[in-house]
Amino acid sequence: MVEIRDLNFAYDKRPVLEGINMTIPKGSLIAIMGLSGCGKTTLLRHIGGSLKPTRGYVKVGGQVIHELNQDGLYVMRRKMGMLFQFGALFTDMSVYDNVAFQMREHTDLPEEIIHDLVLMKLHAVGLRGTYSLMPSELSGGMSRRVALARTVALDPMLIMYDEPFAGLDPISLSVVGDLIRRLNDALGATSIVVTHDVQESLKIVDHVYFMADGVIVAEGTPDEIRASDKDYVHQFVHGEMDGPVPFHYPGRDYRQDLNLQV
Amino acid sequence: MPATNTIRIIGHRAINAVWRIGLASRFFFLTLLYSGSSFRRFRLIIRELFSTGVLSLIIIIVAGLFVGMVLGLQGYETLKRYGSESALGSMVALSLVRELGPVVAALLFASRAGSAMTAEIGLMKATEQISAMEMMAVNPIARIVAPRFWAGVISMPLLAAMFSAAGIFGGYFVGVVQIGVDEGSFWSQMQAAVDFREDILNGVIKSFAFGTVVTVIALFEGYDAPPTAEGVSGATTRTVVTSSLAILMLDFVLTAIMFRGN
């Protein structure tokens, strides 16, 4: 479904992605993990066609994304869904209108059918009763679930999640994780989850990629990742304070900063 | 080398300013290009007409009323010296229709509706609503920007007309009702002095031009705002400052073209 080969990207001259290779089979659910600023979201934006690589390519459904013109990209995006970090619900629209948005924009379905579809999507995320509420009336977890219903409104073949667990309480976190897995399987879609949340994502995904400084440093199934003896993976999975990712930001000598004589 | 640095900073700012003018022009062109869908779904424009036009009405009418009342007082005091109190109606009407109506209404429009547009779009960008729309294969310029642009362009001349009407009523109230200028003279002098093409139509053209400029600045600043609290706040300030200066400069240019030799 998604094939990434030798993907390189730089902002000005600062490299963000270097030689990324991935193959994501149809129907799978994969996680991309790594520290903030390691290039995970940038990679997701390449898959969605928001950024163009400096070298290499991303293929989705056999089509090279950066070679598509705007119309072609929009056709491709109709087959994709993306859940943003904090939901990105349209704040001037009700929950119902948010979920109906893509159906109204991209289909000629009559309003009665849109009504039924919207309620079915909201029912799938357990929030049918919120259809008349505004986004400001929802909790963080509910917003994320409504956004999830909106993401899958047109039954996309590829679903991308950008930090779907950020800022959620344990119950909402577990619910969202469970929904991601169930929706992926129910729709026969392929899903990519960019996340920091190791424990929750290892419960639901088929394969994990670890990124650091723009390169993939490790990959494997959740069991392989849990058992990994690679320093970086070990530190990340176990949340250790010091390791390949140092606790201290590089700076001058401590004694020099405190004006101490040796 | 402070002198070199100063030159470098000035050069950098000049290049930046030219760059932004180019971006704003491109943005304006794209807005016009994607306006077709707004007119096909006119309800989007009507919704924006409500928030930019109708919600600005109170401030416009109240301001117009007071400006007209001040004009009535000041005009009477000045005209009395020349024994021309009866010309008060024409003075109030010409001042309002030619200058104060379009200019002050546009300044108020920039402060009230322009800043709101910038803040709204800037916040939509900061909360990833615009990115979400793009990922749903919906062009944000067509869906968000174009309806607001046309709502601004349509509502500005109407608001300026309301401002002038309220101002004339304010002038009438002070001049005729309070001071005692002859009512017949007030209205007949006004009717004789105000020319439809020279005064009213030129005023409408001015307010149309101001509406276009203010709305483009407001929308561009919002769309171009850095997605942070400081970014949105800075963009909102820039909208009011840039729009106000643009209105006053454009007013001089248009006045010089329209009323040259009259």
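Brief remarks follow.
- 1 or more residues more than 18 Å from the chain's Cα centre (by Cα) and under 26 Å from A:F84 (Cβ atoms): qualifying helices (runs of 4 or more DSSP H) within the range A:140-259: A:170-187, A:222-227, A:231-238
- The numbered conditions (1) under 21 Å from A:L187 (Cα atoms); (2) open to solvent by 70 Å² or more (accessible area, probe 1.4 Å); (3) touching a strand residue (DSSP E or B) at 6+ places or on another chain (Cβ under 8 Å) are all true for A:R78 except (3).
- Considering the conditions (1) basic (K, R); (2) farther than 10 Å from A:A153 by Cβ; (3) more than 10 Å from chain B (Cβ to nearest Cβ), A:K121 is excluded by exactly one of them, (2).
- A residue that is within 14 Å of chain B (Cβ to nearest Cβ), aromatic (F, W, Y) and surrounded by 20 or more Cβ atoms within 10 Å (Cβ to Cβ) can be found somewhere in the range A:97-104.
- Of all the numbered requirements in (1) within 14 Å of chain A (Cβ to nearest Cβ); (2) buried (at least 21 other Cβ atoms within 10 Å of the Cβ), B:T127 misses one, and that requirement is (2).
- Test: residue in the range A:58-71 that is open to solvent by less than 10 Å² (accessible area, probe 1.4 Å), within 14 Å of chain B (Cβ to nearest Cβ) and not in a strand (DSSP E or B): yes
- Meets criteria (in contact with a Phe, Trp or Tyr (Cβ under 6 Å, 6 or more places away or on another chain), at pLDDT 95 or above and in a helix (DSSP H, G or I)) for B:I247: yes
- Selection from the range B:59-70 of residues that are under 19 Å from B:S86 (Cα atoms) and either in contact with a Cys (Cβ under 9 Å, 6 or more places away or on another chain) or surrounded by fewer than 19 Cβ atoms within 10 Å (Cβ to Cβ) (or both): B:V70
- Of all residues in the range A:124-148, those being open to solvent by 50 Å² or more (accessible area, probe 1.4 Å) and either in contact (Cβ under 8 Å) with a residue 60 or more places away in the chain or in contact with a Cys (Cβ under 8 Å, 6 or more places away or on another chain) (or both) number 0.
- Here is the figure for the range B:164-187: residues that are open to solvent by 60 Å² or more (accessible area, probe 1.4 Å) and among the polar types (S, T, N, Q) total 1.
- Among residues of the range B:96-114 being in contact (Cβ under 8 Å) with a residue 60 or more places away in the chain and open to solvent by 20 Å² or more (accessible area, probe 1.4 Å), the one that is nearest to the other protein chains (Cβ to nearest Cβ) is B:S111.
- The residues listed here are B:A209, B:A193; of these, the one that is of a type in the set (A, V, I, L, M) and either modelled with pLDDT of 95 or more or touching a His at 6+ places or on another chain (Cβ under 6 Å) (or both) is B:A209.
- Candidate set from the range B:71-83 (those that are touching a residue at least 24 places away in the same chain (Cβ under 8 Å) and open to solvent by 10 Å² or more (accessible area, probe 1.4 Å)); member that is nearest to A:D92 (Cα to Cα): B:L71
- A:G39, sole failed condition from (1) more than 12 Å from every other protein chain (Cβ to nearest Cβ); (2) modelled with pLDDT of 90 or more: (2)
- Index of the failed condition, B:I121 passing every other in (1) open to solvent by 40 Å² or more (accessible area, probe 1.4 Å); (2) within 12 Å of another protein chain (Cβ to nearest Cβ): (1)
The values are calculated or read from the model by the stated rules, or taken from the named source; none is laboratory data. Source: prediction; values computed, not measured. Glycine also receives a Cβ, built like all others from the backbone with ideal geometry; neighbour counts cover every protein chain displayed. Side chains included, ligands, DNA and RNA excluded: accessible areas come from the protein's heavy atoms. Shrake-Rupley method; radii C 1.70, N 1.55, O 1.52, S 1.80 Å.
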